[in-house]
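Derivation of every value follows stated rules applied to the coordinates shown; laboratory data play no part. These numbers were taken from a predicted model, which means no experiment stands behind them. Glycine also receives a Cβ, built like all others from the backbone with ideal geometry; neighbour counts cover every protein chain displayed.
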Amino acid sequence: MLTDPGKSDAVLDHAAAIRVRNLRTMYGDREVLHDLSFDIKAGETITILGGSGSGKTTLLRSLIGLEKPAGGQIWIRGHDLCCISPTELSELRKKFGVSFQGGALFGSMTVGENVALPLHEHSRLDDSSIEVLVRIKLEEVGLSGYENFYPAQLSGGMKKRAAVARALTMDPQILFFDEPSAGLDPIIAAGIDDLILKLKRAFQMTIVIVTHELASAFRIADRMILIDKGSILAIGTPAELKANQHPRVRQFLDRVPDPENTADDSYLERLTAGLHL
């Protein structure tokens, strides 16, 4: 089920936390996002799916203002990202929480210092108040007592949770995740899924997740956007995507290899030529 770009703006203004219309993004002379239009409702959890190089991370970077569109518009809570000043964008970003793929924790700082950083940068709270808030945020993500640990002392899953705690410090209206389960074993990844579901229930915030992990996406999403080669292939609920019979949708969901990217026997023969096992 595709979002109707022609739907009345007046109808969508109050329902959408994020609105994208005819978004185009360029890397040099190459267009990587082609005329994307969709809405994300307030309080909705939406996953952005796609293969490697499909444009999903570029879309996320566009939504948080790290990539300037070549065309089209992005509204976040009624603010047009394409037109606002750098100062206005900085203020708007205070309403975002972003958990990057690798966690992006500062290795020379403790977990507590990492989580406290946005509060030191963007609030006037005293140190004792910040310390209390850091403990609360770490408890929310299951890391109570880890304030004085360094990132190098944490497991991969714990680093992800610490990054989420930092993303939550400013009590954001919108939370963005870039590949929250990447590099984690299935059990730890399921724990991250549980954390996202917990945050969704507790805070009713809008959550946008870029991922290629199908099991996670179908478990946590209210709706899903599937991107293929920079264009939207499908938008809908998990049930609607499962029922979608478009060949490319089926290929992605059923994990069918793309023949043109599959190594053939002659390639393997060239690699092993001259080897005597």
Alpha carbon centroid spacing (whole Å) that separates the range 152-222 from the range 23-75: 20 Å
First check a/c for the range 154-224, with a ≥ b ≥ c the square roots of the eigenvalues of its C-alpha gyration tensor; if it is under 1.5, answer rounded, and if not, answer prolate when a/b is larger than b/c or oblate otherwise. oblate
Please report, in whole Å, how far the alpha carbons of the range 82-139 spread along each principal axis, starting with the longest. 37, 29, 21
Dividing the Cα convex hull volume of the range 28-129 by residue count, how many Å³ per residue is that? 163 Å³
Can you give the relative contact order of the chain as a percent, counting alpha carbon pairs under 8 Å and 6+ residues apart? 24 percent
Lysines whose Cα lies under 18 Å from that of LYS41, excluding same-chain neighbours fewer than 8 positions away: LYS7, LYS95, LYS200
So what is the orientation-averaged projected area of the chain, using the convex hull of its C-alpha atoms, in nm²? 19.0 nm²
Show me 128-141, 220-233, 198-211 ranked by packing, highest mean number of other Cβ atoms within 10 Å first. 220-233, 198-211, 128-141
